[in-house]
Amino acid sequence: MTRIELINEIFTKKTFLCIGLDPDLDKFPKHLLETSNPIFEFNKAIIDATAPYCVSYKPNTAFYEQYGIKGWQAFEDTIAYLKLNYPKHFIIADAKRGDIGNTSHAYAKAFFNNLDCDAITVAPYMGIDSVSPFLEYKNKWAILLALTSNEGSANFQNLKIENAGFLFEEVLKESIKWGTEENLMFVVGATKAKMFENIRKIIPNHFLLVPGIGAQGGSLSEVVKYGFNNDCGLLVNSSRGIIYADNSIHYAQASAAEAQKIASEMATHF
């Protein structure tokens, strides 16, 4: 998906909601566990119910890999279902890959060629040669981890560099040389919303993928206040707060109601 296509979808639907598809069988409605492919059945129902209220889906590969071959098959089935039925939705493989040379080339081929995802999350710690293979694909995106919402992020990301800024700021300044606004996004956690102001001074026009609202306690209004730009420039993710809004047979309707609630708040900012 191109940048302009993503922006058009955001402004047409007046939402910049991304929904994380992170399956946990322990939280599923019990009736789904009796089906042959419960993860895909769960995802399919969530997607069909919430598609009007979002522009993106973000399946986290770890939640599929934990279930072995059947889990990975459900991941592939989910991507294929989205591509076939909701081709205008931006698909992010939340895989957090980060390795060098042929390994990154193989990861890029797997997620972009074979699965046809639009984007993949990437750890930039190993530098340009771990990221550049993902930037070689037309209309595909690398989403670099910059300032994450977890408590341990302070161990490294907030280290002060002598005669410079924080480490995460130096990552931003260096990595924007590797790609463009057309193929490079950055993860910035919603729980760090007040730091968006400085981040926008470094990357005023790049898209930001923002996890951390909902269950993690991030504030959508603060994210918009400090992170919104003329092209919106935001994909704000909610996972557990939407997909596990209810675990009865009415789980999909409950998810839709929660997604609609967030999307309605987002619409007020256009």
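The values are calculated or read from the model by the stated rules, or taken from the named source; none is laboratory data. Please read these numbers as outputs of a predicted model, since none were measured by experiment. Cβ placement follows ideal geometry from the backbone for every residue including glycine, while neighbour counts extend to all protein chains displayed. Each accessible area value is taken on the protein alone, full model and side chains, heavy atoms only, with ligands, DNA and RNA left out. Shrake-Rupley method; radii C 1.70, N 1.55, O 1.52, S 1.80 Å.
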*Just one of the numbered conditions (1) open to solvent by less than 60 Å² (accessible area, probe 1.4 Å); (2) on the phi > 0 side of the Ramachandran plot is not true of residue 96; which one?*
(1)
*Scan of the range 185-201 for residues that are assigned to a helix (DSSP H, G or I), crowded, with 18+ Cβ neighbours inside 10 Å and of a type outside the set (D, E, K, R), ordered by number*: 190, 191, 193, 195, 196, 199
*Could you list, in sequence order, all residues of the range 248-259 that are over 12 Å from residue 238 (Cα atoms), open to solvent by 20 Å² or more (accessible area, probe 1.4 Å) and assigned to a helix (DSSP H, G or I)?*
253, 254, 257
*For residue 75, indicate whether it is surrounded by 15 or more Cβ atoms within 10 Å (Cβ to Cβ) and in contact with a helix residue (DSSP H, G or I) (Cβ under 6 Å, 6 or more places away or on another chain).*
yes
_Residue check, residue 80 small (Gly, Ala, Ser), in contact (Cβ under 8 Å) with a residue 40 or more places away in the chain, closer than 22 Å to residue 63 by Cα and out of contact with any Lys or Arg (no Cβ under 8 Å at 6 or more places or on another chain)_ = no
*Among the numbered conditions (1) touching a helix residue (DSSP H, G or I) at 6+ places or on another chain (Cβ under 8 Å); (2) over 30 Å from residue 47 (Cβ atoms); (3) charged (D, E, K, R); (4) open to solvent by 30 Å² or more (accessible area, probe 1.4 Å), tell me where residue 88 comes up short.*
(2)
*Which members of the range 1-27 meet the condition of being open to solvent by less than 10 Å² (accessible area, probe 1.4 Å) and either basic (Lys, Arg) or part of a loop (DSSP other than H, G, I, E, B) (or both)?*
15, 16, 23
*Where a residue in the range 184-210 is within 21 Å of residue 134 (Cβ to Cβ) and its partner, wherever it lies, is open to solvent by 30 Å² or more (accessible area, probe 1.4 Å) and in a strand (DSSP E or B), with Cβ under 6 Å and at least six apart*: 187/145
*In the range 175-184, is there at least one residue being open to solvent by less than 10 Å² (accessible area, probe 1.4 Å), modelled with pLDDT of 90 or more and in contact with a Pro (Cβ under 9 Å, 6 or more places away or on another chain)?*
yes
*asked:* Any residue at all in the range 168-182 that's touching a Gly at 6+ places or on another chain (Cβ under 8 Å), in contact (Cβ under 8 Å) with a residue 12 or more places away in the chain and within 26 Å of residue 86 (Cβ to Cβ)?
replied: no
_So residue 205 passes all but one of these: (1) modelled with pLDDT under 95; (2) in a loop (DSSP other than H, G, I, E, B); (3) within 18 Å of the chain's Cα centre (by Cα). Which condition number does it fail?_
(1)
*Unmet requirement for residue 39, which otherwise passes all of (1) closer than 24 Å to residue 265 by Cβ; (2) buried (at least 18 other Cβ atoms within 10 Å of the Cβ); (3) of a type outside the set (Lys, Arg)*: (1)
